[in-house]
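Read-outs throughout are calculated quantities, based only on the coordinates presented, and are distinct from any laboratory measurement. If you're wondering where the values come from, they're calculated on a predicted model, not measured in any experiment. Positions of Cβ are generated from backbone atoms using ideal geometry, with glycine treated the same way; all protein chains shown enter the neighbour counts.
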Amino acid sequence: MKKELEDALRIAILSVSVKLETSETINWLSVHPSRRNSPTITKVQSDHHEVVADLVQTSFLFSIPMDGPMSFSTPHVSVHWALRFEFFTTPKNIDRARYEHPLLMEGRDKSEWVLPITVHAPPPGTPAARAQNERPFSLEPLWVHS
């Protein structure tokens, strides 16, 4: 166990990518025959990529778009949100002293972690809820001349 922990501590994260995604999945009984092989549509709402080889810590901030759908599921369709992380790390058992900088290492490893999140509708009376109920902008005149 101690050796495994020591090996894990020798691995350094070189870069990280984070994506805020929505995925819409149509039940295979409801999907059109032309989409049978791809019943899920994934949309990247926001993304962030950072080289972190020289950093002790980092952070990121995403906002749910005002027009973004809330998470839901029916017998026919479901909408899910997730944060998708991709980490590029140094290979195990590599002599880091041979390289001037960690990004020059060959054979980087990639790992992925998907964190599902639930997006709820804004509570009634909040600015976000009012914005969803407002009449869309129109070029029609606001008054009529008589």
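Taking every lysine pair in the stretch 2-124 that is 8 or more places apart or spans two chains, those with Cα atoms closer than 27 Å amount to 9.
When both the stretch 58-119 and the stretch 23-39 are represented by their alpha-carbon centers, they are found 26 Å apart.
Computed from the mean reciprocal separation of all distinct C-alpha pairs, what Kirkwood hydrodynamic radius does the stretch 2-124 have, in Å? Result for the stretch 2-124 stands at 17.5 Å.
Between residue 111 and residue 34, what is the FRET efficiency for a Förster distance of 41 Å, r being their Cβ-Cβ separation, to the nearest 0.05? Calculated value: 0.75. Seen from residue 71, the other residues with C-beta closer than 13 Å to its C-beta sum to a net charge of -2, counting Lys and Arg as +1 and Asp and Glu as -1.
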